[in-house]
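The values are calculated or read from the model by the stated rules, or taken from the named source; none is laboratory data. Computed from a prediction, not measured in an experiment: that's the story for all the values here. Every residue, glycine among them, receives a Cβ derived from its backbone with ideal geometry; neighbour counts consider all protein chains shown. The accessibility values were calculated without ligands, DNA or RNA, using every heavy atom of the protein model including side chains. Shrake-Rupley method; radii C 1.70, N 1.55, O 1.52, S 1.80 Å.
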Amino acid sequence: MSPTEPGPKNGAADQRIEVRKTYKLYIGGAFPRSESGRTYEIRDSHGKFLANAALGSRKDARDAVVAARGAFGKWAGATAYNRGQVLYRVAELMEGRRAQFAAEVASAQGLTLAGADKVVSQAIDRWVWYAGWSDKIAQVLGGVNPVAGPYFNISSPEPTGVVAALAPQRCSLLGLVSVLAPIVVSGNTAVVLTSEHRPLPAITLSEVLATSDVPGGVINLITGRTAEVAPWLAAHQDVNAIDLTGAADADALVWAELEGASTENLKRVLRPAGDGVGAVEPDWSPTPDLTRIKFCLETKTVWHPKGG
Amino acid sequence: MAKFEYAPAPESRAVVTIAASYGLFIGGDFIEATDGSTYETINPSSEEALAEVTEAGKADVEAAVRAARAAFEGPWSRLPGTERGKYLFRIARILQERAREFAVLETLDNGKPIKESRDFDIPLAAAHFFYHAGWADKLEHAGLSGGSGQPPRPLGVVGQVIPWNFPLLMLSWKIAPALAAGNTVVLKPAQTTPLTALLFAEVCQQADLPAGVVNIITGAGETGRLLVEHPGVDKVAFTGSTQVGKAIARSIAGTRKRATLELGGKAANIVFDDAAIDEAVEGIVNGIFFNQGHVCCAGSRLLVQENVADDVIMRLKHRLQTLRVGDPLDKNTDVGAINSAAQLARIRELTEIGEAQGATRWSAPCNLPDRGFWFAPTVFTDVCQSHRIAQEEICGPVLSVLTFRTPQEAVAKANNTPYGLSAGIWTEKGSRILWMADQLRAGVVWANTFNRFDPASPFGGYKESGYGREGGRHGLEAYVTTGANR
């Protein structure tokens, strides 16, 4: 090859081959592949191939529960002020990656880039909204009880423990954040099954989480078939609560069966929105109420005598 | 130690009139059951039959739910909160007026000492109605909307199933908040303790409560199952065993019915070496021998710091020898009768297993009556965490003693149970109380006291002790919807 010739003569002189990302699970602060070795194809809203995502398994879900249980004590024991700052930091880091989030949301949900950008903004703002709740929850939901006797009596909310969640199937990022943030803000740890067909924004979020101050194990994200993995989480004896929001539009999944399986250790259950046996994915745009924060809280009441 | 001798001091039975038989209270009237089957409710301290009560069948449950629905859609939901509240105030007052009658009847049907039914069950039941009456016209101030912008609304017809350990008190925990929030109810009292609920039906009549707002149906587990699973019931409230609670949770899975479940417990009562030991011993006694130990939140596991264990156990045994076990109607009685033959069999079975597994059994020496169901206050030492008497709810006057060395060990042992209803802490060190209270996974923590209850104070469990709270603003939440937008 002559030194004057600029490069290969295949007509791609100025075309660079993109370095694609391998999309993996997020468990215990690390990015493992599925222990099953399986992957599945993720396609955009037009059916074009995007990536091979990890096809999470029962074992992956169990590993995630172990990681979440291990992280619970320290996260629940952190000060509310600290948790608020950690959640706010997630918003900060998302802001720096918004172009990537917007591109992934656009291709997953068939939105324009401008439309996707708006959704990303809402998702970032939702972290900020929930971050601010961390040190308000106890005052709003707890308080002193005027008992008829010489006792100091106070009720305060506490996190219930390890919470499993089925992330919304359609709204891949804002929906995910809207489900996840209210679980962890009060000190619970989370195992989330991401949107089955639109998991890529969730994995990018896990990369944000890994470089944020959220301790490993507090948030665990599993990609894969919702109907395959969800029953194992619903029946898991070391999961304290399960959010079935993502049952709406999930392939081959009956939320009643998941609720049934969850009764063996009396999990707290957040049923999907909708009437009767149906399930609909809510509109995630409006400012939330406290339903999601409350569903994974316990009220603890402490008594002590008063005396001189 | 010699017991003080007391002359018998029986409370008079004359204050209460028990009918020979009772129907079902549906739509404001006592009616005959459709299928007509009945059973006897007995006095567990003498096994004498008290009355014949009705076993409600499918058609009866149907009629009760229909009556409750009609009342909900009719007068009750149209009534302003202020007026609704006034009915509850009336009920509270009538309960106070007829308190002695209720106390005697409760003791006859349940077997608990009259001093407990008179000074605890009935006054607290009235207090629950009085407390919730005031909420009826203030629901929008209860902070329950959570930003949804919607005022709290009633759920509709509530199906309620309650246990035999505090019959009227559990009725009041269920009915008072449900009515205050504007719901109507169908309540099934426990099979063995229906009489005070049936007398409460009379109170509803005296209060002129609109027909169908409160319906009382008697029967056994099957009647309860029919009620809980009835499609016309919008909400289920249950207090009882974890096993039945799980069955209820399963039966409503996949529906839009809501539930609160207040289930079993295996509470740790934790005594540190710096505790006021004599006070702690009183707290241990109150924790497990109050109401014959028929208390879901009873302090059935004593965790005592190793260096004071011998002293605490010695003083505890000394104290237990002064407890007076016997005629529940006697005003000096401390421990009454076990509620039923079935429950006595369960207590015997588990205590025998305790011995077989290697724990050391000690029972207070006392003369138990020949007739009725009795069990002497019993303490097990040398108990391991794996023993069934350390894991399973006995629901009787049986205490399992374990020891610990450090606060961390106490926490680990206290939390080593699928239950999470209550816990006790005895220490003079404030910072340790607050740290322990944070660490214990239990819905109610009593520090330097035990078994305190109040209508303003939320009660309920973590983990397999159920979900939802009863009492206070938190308890009200279980009976309203606020149209959450999430």
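B:Cys384 exposes around 70 Å² of accessible area when a 1.4 Å probe is run over every protein chain in place.
With no solvent and one equal point scatterer placed on each C-alpha of region A:176-308, evaluate the Debye formula and give log10 I(q)/I(0) for q = 0.16 Å⁻¹, two decimals. The Debye formula, applied to the Cα set alone, gives -0.86.
Interface B-A: total buried accessible area of about 3900 Å², 1.4 Å probe, protein heavy atoms only. Projecting label points 7 angstrom from Cα along Cα→Cβ for A:Ala256 and A:Ser45 puts them 3.3 nm apart. The orientation-averaged projected area of the convex hull spanned by the Cα atoms of region B:268-454 comes to 10.3 nm².
Per-residue mean of foreign Cβ neighbours for A:153-165 is 3 (Cβ atoms of other chains, 10 Å radius). Trypsin sites (Lys or Arg not before Pro) within region B:323-367: which are DSSP loop residues with at most 16 other Cβ atoms inside 10 Å? Those that pass, being in a loop and sparsely packed, are B:Arg324, B:Lys331. Once the C-beta distance of B:Asp382 and B:Gln408 is scaled by a Förster radius of 25 Å, the resulting FRET efficiency is 0.65 to the nearest 0.05.
Take the Cα radius of gyration of the protein assembly as shown and divide it by 2.2 N^0.38 Å, N being the number of residues; the result is 1.04. For region A:210-219, backbone phi angles converted through the Karplus equation (6.51, -1.76, 1.60; θ = phi - 60°) give residue-by-residue couplings of 5, 9, 8, 9, 5, x, x, x, 5, 10 Hz, Gly and Pro being listed as x. Each of B:Asn416 and B:Lys331 was given a label point 7 Å from its Cα along the Cα-to-Cβ line. The distance between the two points is 4.7 nm. In region A:279-293, the residues whose accessible area drops by at least 50 square angstrom when the other protein chains are added to the isolated chain are A:Asp289; the probe is 1.4 Å and only protein heavy atoms count. Using a ≥ b ≥ c from the Cα gyration tensor of region A:108-266 (square roots of the eigenvalues), is it rounded, prolate or oblate, where a/c under 1.5 gives rounded and otherwise the larger of a/b and b/c decides, a/b for prolate? It is oblate, given that a/c is not under 1.5 and a/b is not larger than b/c.
Its convex hull of Cα atoms gives chain B a direction-averaged projected area, equal to a quarter of the hull surface, of 22.4 nm². For the pairs B:Lys317/B:Lys413; A:Lys21/A:Lys74; B:Lys138/B:Lys257; B:Lys112/B:Lys317, flag any whose C-alpha to C-alpha distance is greater than 27 Å. Going by Cα-Cα distance, A:Lys21/A:Lys74 fall outside the 27 Å limit. Put simply, the amide H of B:Leu302, placed in the peptide plane, has neighbours under 5 Å in B:Asn269, B:Ser400, B:Val401, B:Leu402, leaving out anything fewer than 5 places away on its chain.
The angle between the Cα long axis of helix A:80-96 and the main principal axis of chain A comes to about 20°, on a 0 to 90 degree scale. Counting only protein heavy atoms and using a 1.4 Å probe, the accessible area of A:Tyr23 comes to about 30 Å². Evaluated at q = 0.14, 0.16, 0.26, 0.28 Å⁻¹, the base-10 log of the normalised Debye intensity for region B:276-316, with identical point scatterers placed on the Cα atoms, takes the values -0.30, -0.39, -0.88, -0.97.
Less than 5 angstrom separates the built amide H of B:Gly219 from those of B:Ala56, all sequence-distant by 5 or more or on a different chain. Taking the Cα atoms of region A:39-305, the ratio Rg/Rh between the radius of gyration and the Kirkwood radius comes to 0.98. Segment A:Ile17..A:Gln139, full-extension length gain: 38.4 nm, with 0.36 nm per residue of separation and the alpha-carbon distance subtracted.
Less than 5 angstrom separates the built amide H of B:Asp330 from those of B:Glu11, B:Ile114, all sequence-distant by 5 or more or on a different chain.
The residue list A:Leu180, B:Leu261, B:Ala49 was ranked by how far each Cα lies along the charge dipole of the protein assembly as shown toward its positive end, using unit charges on Cβ atoms, and A:Leu180 comes out on top. Across region A:159-166, rounded Karplus estimates of 3J(HN,Hα) from the backbone phi angles (6.51 cos²θ - 1.76 cosθ + 1.60, θ = phi - 60°) give x, 7, x, 8, 10, 8, 9, 9 Hz, Gly and Pro being marked x. What base-10 log of the normalised intensity I(q)/I(0) is obtained for region B:89-163 from the Debye formula, alpha carbons as equal point scatterers, at q = 0.11 Å⁻¹? Normalising to I(0) and taking log10 leaves -0.43.
Peptide A:139-149 shows a mean partner chain C-beta count of 5 within 10 Å per residue C-beta. In the protein assembly as shown, if the dipole is taken from +1 on Lys/Arg beta carbons and -1 on Asp/Glu beta carbons about the Cα centre, which of A:Ala210, A:Asn153, B:Asn286 is farthest to the positive end? Towards the positive end, the residue furthest out is A:Ala210.
Each residue of region B:156-162 was assigned a 3J(HN,Hα) from its phi angle through the Karplus curve 6.51 cos²θ - 1.76 cosθ + 1.60 (θ = phi - 60°); the sequence is x, 8, 10, x, 10, 10, 10 Hz, with glycine and proline shown as x.
Past the 20 Å Cα-Cα mark, which pairs from A:Lys300/B:Lys266; A:Lys136/B:Lys235; A:Lys294/B:Lys463? Beyond 20 Å: A:Lys136/B:Lys235. How far is helix A:58-77 tilted, in degrees, relative to the longest principal axis of the Cα atoms in chain A, given as a value from 0 to 90 rounded to the nearest 10? Helix A:58-77 sits roughly 50 degrees off the main axis of chain A.
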